[in-house]
Amino acid sequence: MMTKSKPESTGRKFVKVCNILDQYGRKPSRLVPILQAVQEEYRYLPQEVLTYVATALDVSPARVYGVATFYAHFAIQPKGKHLIRLCDGTACHVKDSVPILEAIWKRLGLDAKRKTTPDMLFTVETVACLGACGLAPVVVIDDQVHGQMTPESAVTLVEAVMATEVAL
Amino acid sequence: MISELTQNTLGGAGQPAPRRVIVCAGTGCVASGANQVLKAFQHQIQAAGIPVVTEFKAEQVDLRLNQSGCQGFCQMGPLVTVLPEGLLYCKVKAEDVAEIVTQTLVAGRAVDRLLYVDPATKKRCHGVDQIPFYQRQQRFVLRNCGTIDPECVEEYLHEGGYAAARKAFLSLTPEQIVQEITKSGLRGRGGGGFPTGRKWEAARLQQNPKKYVICNADEGDPGAFMNRSVMEGNPHSVLEGLMIAARAIGADETLIYVRSEYPLAVRRMRQAVSEARRLGFLGENAFGSGQSLNCEVLEGAGAFVCGEETAMIASIEGERGMPRPKPPFPAQSGLWGKPTIINNVETLAHVVRILREGAETFRQLGTAASPGTKTFALTGHVANTGLVEVPFGATLREIVFDIGGGITNRRGKIDPEGFKAVQIGGPSGGCLTREHFDLPMDYDSLRSAGAMVGSGGLVAMNQQTCMVSIARFFMDFTQRESCGKCVLCREGTRQMLALLDDIIEGRATGETLDLLQKLAGAVQKGSLCGLGKTAPNPVLSTLRYFREEYDAHVFHKHCPTGQCKALAKPSIDPAKCKGCTACAKKCPVGAISGERKQPHVIDQEKCIKCGECADACKLDAVVGV
């Protein structure tokens with residue numbers, strides 16, 4: 001029987017995870033919100049954190065990994081500093097969202113397999129629907145929703161973000 | 001104009017009606033810059049020295065400025081409504097605000113350039129009552145979305161809010177509530193259309209001290225945003241409906257499972273719950289009835305299948321969101337093995353109005369078998385995209401042409417001959433075509449046409465849309481979202497997608513179509529939950545109504561709309577080509593040849609249809625790609 005208390009040696013390293021676990025009462029039933037909070041903190045779910053969460057909740061790492069890979073929102077790979085999400089819901093799709101995605105990919109040197117730039121600045125993802133169908137096609141850059149996009153205007157937005165990075 | 005305005009500004013008994021400025025703060029308008037507009041109003045109104053309040057006050061105030069939820073006409077946002085005139089300003093920018101303040105608020109004149117112009121009549125519309133998009137709608141669930149401040153419980157109370165829940169807790173028995181809902185004939189607005197009263201009765205009769213009610217706000221259909229708008233625009237109505245449901249079945253715990261793609265809806269629902277707790281509507285002694293009632297807002301994690309009842313329950317229990325066989329139905333054994341009912345956002349919002357105004361009033365709208373109204377998210381190639389609410393039985397023609405303003409072509413201009421199809425019900429639904437223009441939109445008529453109401457996403461498509469690639473789009477979606485439990489759903493959707501790829505990429509034969517049809521039947525039969533059972537619908541429906549388009553792809557290796565790249569046959573129009581050699585230089589496989597200043601030609605054998613030549617040509621001489 002594994003103990004539910006904080007393992008001392010790793011407690012310091014995982015202090016933020018511990019706080020999150022405590023916040024949810026260390027209940028396995030709260031696994032989804034726990035992983036959401038962990039991802040909020042780390043921007044993805046590192047493997048060692050998943051193992052730690054499993055131990056703390058007294059469930060198998062397989063179950064935690066199963067949940068982490070089942071839901072689209074959980075990432076087990078690190079994401080870039082800026083997250084570009086292109087909506088490919090039906091409304092955006094029929095209004096030609098794919099050429100926008102291709103234009104962004106081309107500008108950042110990415111494709112369907114490579115979603116994050118090597119410098120870890122940008123990750124490009126597609127999402128099923130953001131519910132802003134009235135403004136289709138929609139691109140979300142770092143939680144900012146941009147509507148009625150064209151390939152050109154989307155690339156301009158991406159370049160504006162790139163410019164801020166150069167300025168830093 | 002001025003006389004008209006002053007006439008309207010006088011309310012009953014010569015009292016001036018309250019002046020209000022309402023800035024739409026739904027997701028669409030916020031994306032278009034509504035927050036900056038609201039800030040500009042605060043600043044400009046103060047600068048003009050007009051006394052203004054931003055909170056709700058029951059007594060008369062000179063001017064109230066507030067935000068609202070989604071007003072529905074997202075495409076024209078940010079929207080600003082000025083009462084009492086009922087002026088609706090479209091696409092308002094922060095720079096326009098000073099003019100609205102001086103012209104409208106101070107001088108009482110409309111700012112003409114910000115009014116909506118009806119593209120059909122070219123007439124300027126002063127307010128919602130003159131705009132065809134709103135004129136034809138009957139707003140029942142959405143009535144207060146777009147006027148009240150969704151973050152202000154006092155205003156909801158002033159509009160009669162929580163009276164129905166109070167009545168349910170203090171003076172109605174659970175039987176009476178269920179009876180009233182059954183009498184109304186309300187059917188679940190989430191897709192299936194199951195009678196709500198029957199669902200509640202089954203859970204009410206369970207002898208178990210612990211029961212749950214879950215509000216399904218995991219609106220996963222791509223192209224649908226009705227629930228988002230209701231939660232953002234009138235969150236308390238959803239919560240009140242949830243409370244009534246809890247009272248009706250005897251539950252003391254309720255949950256709201258919201259899609260995490262809707263951060264604003266999550267925030268507003270959480271705020272509504274904490275306000276209701278503060279006012280004693282939730283807690284140990286709900287409405288002073290002595291009964292305990294709690295509510296928690298949970299965020300989904302991006303799995304479409306969690307919209308299915310049993311998968312949602314698994315997700316709430318901290319597991320992978322996989323459905324399980326029914327029976328037992330959740331009403332018998334649901335969350336943590338306890339009797340549970342799961343109702344859609346819109347269903348719960350209807351419940352409130354039914355208890356408030358009576359089942360009879362509710363039944364006055366809609367058809368006998370599908371009473372009431374339904375919200376639809378009208379999107380795609382229509383002139384007016386947005387959120388609409390119409391009674392069941394309204395026809396497709398009314399929605400697409402009278403409300404939607406007609407079909408638009410690729411350049412966004414209205415094309416009277418442009419209509420090809422409407423996709424309804426998302427990845428589980430089907431297509432409606434010209435022959436369905438006068439079909440009444442209700443649960444049963446749509447099912448007989450091979451489609452379904454679904455949650456209410458209506459995507460209009462013009463003649464330039466390839467129906468095979470639309471079917472592929474949905475199959476790609478369901479294939480990715482399949483939870484993997486049933487073999488026929490997991491592998492079958494993948495194989496169907498591969499067959500559709502064969503068709504689109506020119507590898508298909510007559511056998512491909514037979515196999516596709518056969519496999520579709522197998523996936524329907526061999527899947528446990530709604531996702532798998534309905535996954536083949538978009539394919540079957542497009543095969544039924546657009547067979548000739550499939551045949552063109554399969555037998556003639558030709559995509560009639562030119563959307564399928566692999567079937568494209570790029571060629572150079574010799575009349576337009578000036579022989580600049582730009583395309584030949586760009587071609588990565590050296591398929592283009594020709595003398596300088598002479599028309600060039602493309603070698604079809606070598607061509608990989610990448611389209612670089614078309615991008616390179618400044619004279620639009622490359623066609624067919």
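Distance between the C-alpha centres of region B:452-509 and region B:288-318: 29 Å, rounded to the whole angstrom.
Using a Förster distance of 51 Å, how high is the FRET efficiency between B:VAL589 and B:ARG267, based on the Cβ-Cβ distance and rounded to 0.05?
The value I calculate is 0.45.
What number comes out for the charge environment of B:VAL351, summing +1 per Lys or Arg and -1 per Asp or Glu over other residues with Cβ under 11 Å away? Taking every Cβ under 11 Å from that of B:VAL351, the sum is +1. Residue ranges B:350-362, B:18-30 sort as B:18-30, B:350-362 when ordered by packing (mean number of other C-beta atoms within 10 Å per residue, highest first).
Quick one: which residues, 5 or more positions from B:ILE256 or on another chain, have an amide H under 5 Å from its amide H? H modelled 1.01 Å from N in the peptide plane, none for Pro or chain starts. Excluding prolines and chain starts, which carry no amide H, the hits are B:CYS215, B:GLU296, B:VAL297, B:LEU298. Placing unit charges on each Cβ (+1 for Lys and Arg, -1 for Asp and Glu) gives chain B a dipole about its Cα centre, and among B:VAL30, B:GLY611, B:VAL273 the Cα reaching farthest toward its positive end belongs to B:GLY611. Among the trypsin sites (Lys or Arg not before Pro) found in region B:454-528, those both in a DSSP coil and sparsely packed, with 16 or fewer other Cβ atoms within 10 Å of their Cβ, are B:ARG507. Using only side-chain charges placed at the Cβ, +1 for Lys and Arg and -1 for Asp and Glu, the dipole size of the protein assembly as shown relative to its Cα centre rounds to 960 debye.
Pair-distance distribution P(r) for chain B, from all Cα-Cα distances in 20 Å bins starting at 0: 18, 46, 29, 7, 0 percent. Using R₀ = 30 Å, calculate the FRET efficiency as 1/(1 + (r/R₀)^6) where r is the Cβ-Cβ separation of B:ARG447 and B:ARG356; round to 0.05. Efficiency computed from Cβ-Cβ geometry: 0.50. What is the spin-label model distance, in nm, from B:ARG20 to B:ALA575 if the labels are put 7 Å beyond Cα along the C-beta direction? It works out to 6.0 nm between the two label points.
Computing FRET efficiency as 1/(1 + (r/R0)^6) for A:THR69 and A:GLN144, where r is the C-beta to C-beta distance and R0 is 30 Å, gives about 0.60.
The residues packed around B:LYS167, meaning those with a beta-carbon under 15 Å from its beta-carbon, carry a net charge of 0 if Lys and Arg are +1 and Asp and Glu are -1. Other protein chain C-beta atoms within 10 Å of residue C-beta, averaged over B:223-230: 4.
Applying a 10 Å radius around every beta-carbon, put B:310-323, A:66-79 in order of their mean neighbour count, most first.
On the way: B:310-323: 23.0, A:66-79: 17.6.
Ranking, from highest mean packing down: B:310-323, A:66-79.
Modelled this way, with points 7 Å down the Cα-to-C-beta line, the labels at B:LYS326 and B:LEU205 are 1.7 nm from one another. Hydrophobic, long helices, defined as DSSP H runs whose alpha-carbon span along the helix axis is 20 Å or greater and whose mean Kyte-Doolittle value is at least -1.0, occur in chain B at B:235-249, B:263-278, B:467-481, B:487-504, B:510-526. Mean projection of the Cα convex hull over all viewing directions, computed for region B:267-382: 11.1 nm².
Remark: chain A carries a charge dipole of roughly 680 debye about the Cα centre, counting +1 on each Lys and Arg Cβ and -1 on each Asp and Glu Cβ. Stretching the chain fully between B:ARG397 and B:LYS183 yields a gain of 74.0 nm (0.36 nm per residue, less the alpha carbon separation).
Just subtract the alpha-carbon distance of B:ASN35 and B:LEU170 from 0.36 nm times their residue separation and send over the number in nm, one decimal.
Taking B:ASN35 through B:LEU170 to full extension adds about 44.5 nm, to one decimal.
Summing charges over all other residues whose Cβ lies under 12 Å from the Cβ of B:LEU63, with Lys and Arg as +1 and Asp and Glu as -1, gives +3. Rounded to the nearest 20, the size of the Cβ-charge dipole of chain B about its Cα centre is 820 debye, with Lys and Arg at +1 and Asp and Glu at -1. Listed peptides B:456-465, B:539-548 appear in the order B:456-465, B:539-548 once ranked by packing, highest mean of other Cβ atoms within 10 Å at the front. For a modelled paramagnetic label at A:VAL166, 7 Å from Cα along Cα-to-Cβ, the residues of region A:84-105 in reach, with backbone nitrogen under 19 Å, are A:104-105. Couplings 3J(HN,Hα) for region B:118-131, derived from phi with the Karplus relation 6.51 cos²θ - 1.76 cosθ + 1.60 (θ = phi - 60°), are 5, x, 6, 9, 6, 8, 7, 9, 6, x, 4, 6, 9, 8 Hz, where x marks Gly and Pro. The mean number of partner chain beta-carbon atoms within 10 angstrom of a residue's beta-carbon across peptide B:437-446 is 0. Between the listed residues B:HIS43, B:GLN67, B:LEU79, the Cα displaced farthest toward the positive end of the dipole of region B:41-170, a dipole computed from Cβ unit charges relative to the Cα centre, is found at B:LEU79.
With q set to 0.07 Å⁻¹, the log10 of I(q)/I(0) for the protein assembly as shown, from the Debye formula over equal scatterers at the Cα positions, is -0.55. Using 0.36 nm per residue and subtracting the Cα-Cα separation, the extra length available between B:GLU99 and B:LYS557 on full extension is 159.1 nm.
All of the numbers you see were taken from the coordinates with simple rules; none came from a lab. This structure is a prediction, so every number in the text was calculated from the model and none was measured. For neighbour counting, all protein chains shown are included, and Cβ atoms are generated from backbone atoms with ideal geometry for every residue, glycine included.
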